[in-house]
Each structure stands twice: as C-alpha cells, then as structure tokens.
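Below you'll find the structure, written out as structure tokens, and then a few comments.
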Amino acid sequence: MVQKIDTTKIVVDPFNTDFQQRWTWTMLGKTLLNAAENHAKARGFGMMDLNGRHYTWVLSRLAIEMNDMPRVYDEIGVSTWVESIYRLFTNRNFSVVGTDGTVYGYARSIWAMIDYETRQPAQLEQMEGEVFQQFLIPEEPCPIEPQGRVRPLHDEDFVKAHHAKYSDIDMNGHVNSIKYIEHIMDLFPFEAYQDGRNLHRLEIAYMAESYYGDLLSFFRRKLDDNAYEVEVRKGFIPGGDRGTPVVRALLRF
C-alpha cells in the first residue's frame, strides 16, 4: 500500500517559544512548510527534484487554525497529506497533534508549480497528474474552513513600511512566505498577545513576489475586537502610486 501521510515528530525547544512559553507562529509556519517539502521529496517531487527541471513550488494560500499552541518541551507530530490536484494548483493539508492525543490545530494550503525562469505556472494535471494521483487522500478529514477572500484595504489603513532585507530572502530569491507572517504579527502591540490572548486563525493569500530592497508597505483594518484584515503592497507612495498587492491576510484572535 502506498503511504500517503507523513508525520514529522518535534519537541518544542525553549528557543522557539514566545514570552508565554508557547510555540511561535513563525516556527509553526516553518515546520508546516518543511513537512510539506519532506513529504514531496520522499515521493520524487520535492524542491530539488523540480529545480533540475526548471520548476519550483510556490505557496499560493495558507489557512491555519489553532485551538492552542504547544508549550515548551511538548512533544508533537505534524502530519501532512495531499487532498486534491486541479489544473494549476494542488491542495495540501496538515494536522498538529500532541503525542498525548491533544489536537492543537489544522492547516490548509494551496500550491502552484511554476517555471522559475518564466514564472509561469505548470499545468499540473497534464504534467504530474499520474504521479500525484497515487498519493491523493481526499477522505482524510481537515475540519477547518478553507481560505476565504480578503478585501483590498484603503491607503489610510497604512501602518508602516519595511525594506526587504537579507534575512527576509529565501532560496528562491524572494521574500520568504513565513517572514510575511512574522512582519504581520509585529503590526500588533505587545499587549495584544498578553493575558492569554492568542492568534486563533490566520488566512493569508500570496499574490505577487517581492525581492531584496523592495519597499513593503503594511496596511491594517480592524473588523471587530477579535478580527483584522492586513494587506502588504510593494511600491506604495502615499498620495501617489497605490503599489502592487503582494499579500492579503485575515487574523482572528
């Protein structure tokens, strides 16, 4: 029988927790992406396998919903599987479960395979349909809502600007998808994370790539006491060019 689900075992170490001794969202995001890469690599379609054919994976959408975050020294398993493939995209899901059976949360993601020279997406069903088909497992439950659509924000919602730096750039030469999450969470004051208040759900849509030196402008709009919309644009000039949307996100505390 073909193995369709892989699980990465992890012990939450002290240097990857926040001031509440909880696993950080940065490390959660990195672990999800590493689990995805390891799962793909074991089946012949990891990043390095594709690079030899001038292709690479890009993350298009991500939704993470956490009931709680693991704490320092907790032992957890991050499982991942491919739910479906359709035209230009593939759906990959995740679960985060403690070795004691505690279900911390789930995640849904959408990926595209692109030619890294032309930046054009590949027709997955035509190119890799037979390879993927044997690993699909649509019946495996992932009991969180799929990603929704986040609206564009107004110029007056501007919060801050940031020039993309060395530490923002990944192996593909653009701003790392998880670095956006880190910058977005820094839009909120320290007090927003105190008194046991934690981020419950994050939805993020990656709309365009940005590179070293790009000026990234961050916009934030409050929906209610527990929900915020965020937009990141490059090339925004106050009173002038509105810039190009790079990322849109929804956060629910």
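The values are calculated or read from the model by the stated rules, or taken from the named source; none is laboratory data. Quantities reported herein were computed from a predicted structural model and do not represent experimental measurements. Glycine also receives a Cβ, built like all others from the backbone with ideal geometry; neighbour counts cover every protein chain displayed. For the accessible areas, the whole protein counts, side chains as well, though only heavy atoms, and no ligand, DNA or RNA atoms are used. Shrake-Rupley method; radii C 1.70, N 1.55, O 1.52, S 1.80 Å.
Using only the Cα atoms of the chain, build the gyration tensor, take square roots of its eigenvalues as a ≥ b ≥ c, and label the shape rounded, prolate or oblate: rounded if a/c is under 1.5, else prolate if a/b is larger than b/c, else oblate.
Values: a/c = 1.78, a/b = 1.14, b/c = 1.56.
Because a/c hits 1.5 or more and a/b fails to exceed b/c, the chain counts as oblate.
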Nearest-0.05 FRET efficiency for V103 and K160, computed from C-beta distance (R0 35 Å)
0.50
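Using a Förster distance of 22 angstrom, determine the FRET efficiency expected from the C-beta separation of D186 and Q20, and round it to 0.05. Present the calculation step by step, with values, prior to reporting the outcome.
Values: r = 16 Å, r/R0 = 0.74.
The calculated FRET efficiency here is 0.85.
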Listed pairs K30/K179; K9/K179; K41/K179; K179/K234 exceeding 21 Å between Cα atoms
K9/K179; K41/K179
Short version: ³J(HN,Hα) in whole Hz for each residue of the range 96-107, in order, from phi by Karplus 6.51 cos²θ - 1.76 cosθ + 1.60 (θ = phi - 60°), x for Gly and Pro, what are they?
10, 10, x, 5, 8, x, 5, 8, 7, x, 9, 8
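How many percent of the accessible area of the range 87-178 is carbon or sulfur, using a 1.4 Å probe?
Values: 2600 of 5100 Å².
Summing carbon and sulfur atoms, their accessible area is 51 percent of the total for the range 87-178.
Subtract the Cα-Cα distance of D13 and Q134 from 0.36 nm times their separation in residues, and report this length gain in nm to one decimal. Write out the running numbers ahead of the final one.
Working: separation 121, 0.36 × 121 = 43.56 nm, distance 3.56 nm.
Roughly 40.0 nm would be gained on extension.
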In order over the range 43-56: 3J(HN,Hα) from phi, Karplus 6.51/-1.76/1.60, θ = phi - 60°, whole Hz, x for each Gly or Pro, gives 10, x, 10, x, 4, 5, 4, 6, 4, x, 10, 6, 10, 8
So how far apart, in nm, are the two label points at M207 and D225 if each is 7 Å from Cα heading toward Cβ?
3.1
Only Lys, Arg, Asp and Glu count, each charged at its Cβ (+1, +1, -1, -1), so figure out the dipole size of the range 36-157 about its Cα centre, rounded to 20 debye.
300
